[in-house]
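The values are calculated or read from the model by the stated rules, or taken from the named source; none is laboratory data. Treat the numbers as computed from the prediction; the structure is a model and nothing was measured. Positions of Cβ are generated from backbone atoms using ideal geometry, with glycine treated the same way; all protein chains shown enter the neighbour counts.
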Amino acid sequence: MVSQFLHKKNEEIITQLEDAKLLRIFDYVKLFNNEQLNYNLKDVNIVQKAVHLNEEFHSCSISEGTRNTLVSGILLALQDNIFKASYQVTATSFELAELMLAAIKRVLTGAKVRKLDAMMGVYQGILNEPLVKEAKIKKKKKDVDTVTLIKELVMYLQKQVYPLMSYEDSGYDILGRFYTEFIRYAASKQKQGLVLTPSHVTELFCDLADLKGSDIIYDPCCGTGGFLIAAMKKMLSLAGNNILHKENIRKNQLLGVELRPEMFTFACSNMMLRGDGKSNLDCGDCFNTETSSRIKKLKPTVSFLNPPYDHGPADQLKFIENALEVVTPQNGKVVAIVQMSCAIKDSAEINVMRKKLLARHTLKAVISMPDELFYPVGVVTCIMVFDANTPNNGKKTWFGYLKDDGFLKRKSKGRIDVHGHWKDIKLKFINAYMNNEEIPGLSVKKAVNEKEEWCAEAYMETDYSKLTQAHFEEVIKKFAVFKTLGIMESPEEVDVNG
């Protein structure tokens, strides 16, 4: 155990470092040069690059799925020196695509990813796209050479995006963020696009679980890896300057399973672009005995999940039950965002599942989320927090009301934190959650059984102090429009619970 301090030349301030053990010399150098390594994300302009790239694809009528596969494939192929040195001299788009596939296979093989064949199967689909099969393609009603178009795309990623990897830990995160923003933007342009859990919600999960640097995180339906990335980011920050701990987090503390090969491929790419994390991702069924057994041996302590909503509420609760079984030997925690029907619908099948959960585990909290959280997809959700391996036995559950997260809808941008209110909203909410407080309009405690509603709205008193004359007038105006035209205007409706 050591005490160590940072004392900069010509400065009087001496800062004690949090690390209680000696670091490697590289870590100290990195610490001393911290100002240079703190890359300015505003200068990178991640979103602008993602938007530009999507607009290029859109101008050629290239589908969302093809965009995601192609971009993730190119970012992987650019890690291969042979591809970087030779892609510009290829004669046809098909030849270039084959060169890229060979590079991807070398990169994935070197990374020892699970289910290599499944991932390559997704990338092989590129060969069947018109962008690759045809010599010409329409771009804004003009014919352009497909090989030239792909080369320009690769060069853009190589020159404008890929250099971000040189910024080590920050660079990996920036590059990964670009990929996430690219997928998010692609999805926002399609009615049937990918539905990604918003990043401020994945980060909220880390706070609800009170994540520690030693935790092992498991997502049984990881999609593109959003929860695992949020957990990795949180744990890396907790690791401070301990690079060995950071390496262990990436390689051993992030576990994920995804059934759909294309989603598994995107998740692996997403994690690899953040400097590993793919080692324990698996393409398979979390309910499969072999898969479940493998995960259990890795002893996860926390599970984050957003189960597929097309499975129905009872099956969503089965995903939670499965996650609880995996973390039970470690007395772990499960945080899940599910459809509100899982919490309030009264049916024999759902009641059976809720009874089973309460019999073996503690329902610590249920949080009502904004109605348009997954805009443009219309689904009302709530977050459930469970402590595994301790029967509920009539304990009071903390019910939170987080219908207003400060985010507003903006054209072509979806829901965004326009006024920067989320930070303060989150701080107040998490403080109440951690202290198990009852606050009018925000939270209430209630012991519930499987037949009662698991939501704040059923038990919380209305905070009438927040109602104003302006609220009343706004509702009357909207009601008048509704009665006259039979429609409700698009602005946010007044929420009397605050």
**Request:** Look at V352 and say whether it is within 21 Å of L228 (Cα to Cα) and either at pLDDT 95 or above or out of contact with any Cys (no Cβ under 9 Å at 6 or more places or on another chain) (or both).
**Result:** no
**Request:** Being surrounded by 10 or more Cβ atoms within 10 Å (Cβ to Cβ) and part of a loop (DSSP other than H, G, I, E, B) is the filter; apply it to region 8-17 and report the residue that is modelled with the highest pLDDT.
**Result:** K8
**Prompt:** Can you name the residue in region 199-211 that is without any contact (Cβ under 8 Å) to a residue 60 or more places away in the chain and not acidic (D, E) and, of all such residues, is surrounded by the fewest Cβ atoms within 10 Å (Cβ to Cβ)?
**Reply:** S199
**Item:** Pairs where the first residue, in region 298-313, is in contact (Cβ under 8 Å) with a residue 12 or more places away in the chain and the second is hydroxyl-bearing (S, T, Y), C-beta under 7 Å, 6+ apart
**Value:** P300/Y218; S303/Y218; N306/T197; P313/S341
**Selection count, region 465-498, where residues are at pLDDT 70 or above, exposed (fewer than 10 other Cβ atoms within 10 Å of the Cβ) and among the hydroxyl-bearing types (S, T, Y)** = 2
**Prompt:** Quick one: would you say F399 is under 22 Å from the mean Cα position of the chain (by Cα), in contact (Cβ under 8 Å) with a residue 12 or more places away in the chain and assigned by TED's automatic domain parsing to the domain that holds D210?
**Reply:** no
**Request:** Could you tell me which residue of region 280-294 is modelled with the highest pLDDT, considering only residues that are in contact with a strand residue (DSSP E or B) (Cβ under 8 Å, 6 or more places away or on another chain) and polar (S, T, N, Q)?
**Result:** T291
**Request:** Answer yes or no: is there a residue in region 276-294 that is of a type outside the set (D, E, K, R), out of contact with any Asp or Glu (no Cβ under 8 Å at 6 or more places or on another chain), part of a helix (DSSP H, G or I) and buried (at least 18 other Cβ atoms within 10 Å of the Cβ).
**Result:** no
**Message:** Can you report the number of residues in region 256-275 which are modelled with pLDDT of 90 or more and buried (at least 24 other Cβ atoms within 10 Å of the Cβ)?
**Reply:** 3
**Complete:** With the first residue restricted to region 232-245 and required to be aliphatic (A, V, I, L, M), and the second required to be at pLDDT below 90 and not in a loop (DSSP other than H, G, I, E, B), Cβ contacts under 6 Å at 6 or more apart or on different chains are I243/D27
**Item:** Condition broken by C60, with the remaining ones in (1) at pLDDT 90 or above; (2) more than 27 Å from the chain's Cα centre (by Cα) satisfied
**Value:** (1)
**Asked** Based on what the data block shows, is A432 under 22 Å from D371 (Cα atoms) and touching a residue at least 60 places away in the same chain (Cβ under 8 Å)?
**Response** no
**Prompt:** In region 79-106, which residue that is surrounded by fewer than 22 Cβ atoms within 10 Å (Cβ to Cβ) and within 22 Å of A118 (Cβ to Cβ) is nearest to the chain's Cα centre (by Cα)?
**Reply:** Q79
**Item:** Number of the exception - E372 against (1) in contact (Cβ under 8 Å) with a residue 60 or more places away in the chain; (2) at negative phi
**Value:** (1)
**Fill in**
Only one of V335, V327, V366 is touching a residue at least 12 places away in the same chain (Cβ under 8 Å), buried (at least 23 other Cβ atoms within 10 Å of the Cβ) and in contact with a Leu (Cβ under 6 Å, 6 or more places away or on another chain), namely V335
**Request:** Go through (1) under 21 Å from the mean Cα position of the chain (by Cα); (2) modelled with pLDDT under 75 one by one and return the number of the condition Y39 breaks.
**Result:** (1)
